[in-house]
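Colleague: For reference, the structure I am asking about is given below.
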Amino acid sequence: MQAIELMRRVKAGSPPTVVDVRSGGEFKTGHVPGALNAPTWKILLRIADLPKDHDAELVVACEHGPRAQMAKGIISSMGYRNVTLLEGHMSGWRQAGLDMEK
């Protein structure tokens, strides 16, 4: 999903669940408003607090992409059917000057 589209949906009050797979420390430096912090290792161990609905729209993000790509594969293998990546990830989000929550 493109960052601009995600920000539009956040502001409209109809965002997908944003799954930020960075560490807790990285997450605290700033994240997509309303994002869920679920580090990749928690997803792998199946202890992340992901939505119960496997049809829920999920957008996965990390800093540059590799962790998000890995997490997307894990989440999909868990039966989630509507999983995409945030284009540009958090580095792109910041470069675009979009709102962040801390």
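Colleague: What angle, in degrees between 0 and 90 and rounded to the nearest 10, separates the Cα long axis of helix 66-77 from the longest principal axis of the Cα atoms of the chain?
Modeller: Its long axis makes an angle of about 40 degrees.
Colleague: Compute the length gained on full extension between Lys52 and Arg8: take 0.36 nm times their separation in residues and subtract their Cα-Cα distance, giving the result in nm to one decimal. Before the final figure, lay out the partial values.
Modeller: On the way: separation 44, 0.36 × 44 = 15.84 nm, distance 2.48 nm.
Length gained between Lys52 and Arg8: 13.4 nm.
Colleague: Calculate how steeply helix 3-12 sits against the longest principal axis of the alpha-carbon atoms of the chain, using the helix alpha-carbon long axis, and give the answer as 0 to 90 degrees to the nearest 10.
Modeller: The two axes meet at around 90 degrees.
Colleague: Given the -39500 (n - 2.57) contribution per DSSP H run of 4+ residues, what per-residue ellipticity at 222 nm results for the chain, rounded to the nearest 500 deg cm²/dmol? Mind showing how you got there, number by number?
Modeller: Values: 5 runs with 39 residues, N = 102.
So the calculated ellipticity at 222 nm is -10000 deg cm²/dmol.
Colleague: A further question follows. Go ahead and set up a Gaussian network model of the chain, Cα springs under 10 Å, then flag whichever of Thr17, Thr29, Thr84 fluctuates most.
Modeller: Residue with maximal mean-square fluctuation among Thr17, Thr29, Thr84: Thr29.
Colleague: How high is the relative contact order of the stretch 3-95, in percent, with contacts defined as C-alpha pairs under 8 Å that are six or more residues apart? Can you show the working numbers first?
Modeller: Working: 137 pairs, mean separation 27.3, N = 93.
Dividing the mean separation by the residue count of the stretch 3-95 yields 29 percent.
Colleague: What's the whole-number percent of alpha carbon pairs in the chain lying beyond 16 angstrom? Spell out each step's value before the answer.
Modeller: Details: 2554 of 5151 pairs.
The proportion of pairs with Cα distances above 16 Å equals 50 percent.
Colleague: Explain nothing, just the number: dipole magnitude of the chain about its Cα centre with +1 on each Lys and Arg Cβ and -1 on each Asp and Glu Cβ, in debye rounded to the nearest 20.
Modeller: 140
Colleague: Could I ask something else about it? Measure off 7 Å from each Cα along the Cα-to-Cβ vector at Thr29 and Glu101, then give the distance between these two points in nanometres to one decimal.
Modeller: So the label points at Thr29 and Glu101 sit 2.0 nm apart.
Colleague: Just for the chain, what percent of DSSP beta bridges are antiparallel, to the closest 5?
Modeller: Around 10 percent of the beta bridges assigned by DSSP in the chain are antiparallel ones.
Colleague: Can you tell which of Ile47, Ile4, Phe27 lies farthest toward the positive end of the dipole of the stretch 1-59, using +1 and -1 charges on the Cβ of basic and acidic side chains (Lys, Arg; Asp, Glu)?
Modeller: Phe27
Only the coordinates and a few stated rules stand behind these numbers; no lab work does. If you're wondering where the values come from, they're calculated on a predicted model, not measured in any experiment. Ideal geometry is used to build each Cβ from the backbone, glycine not excepted, and the neighbour counts take in all protein chains shown.
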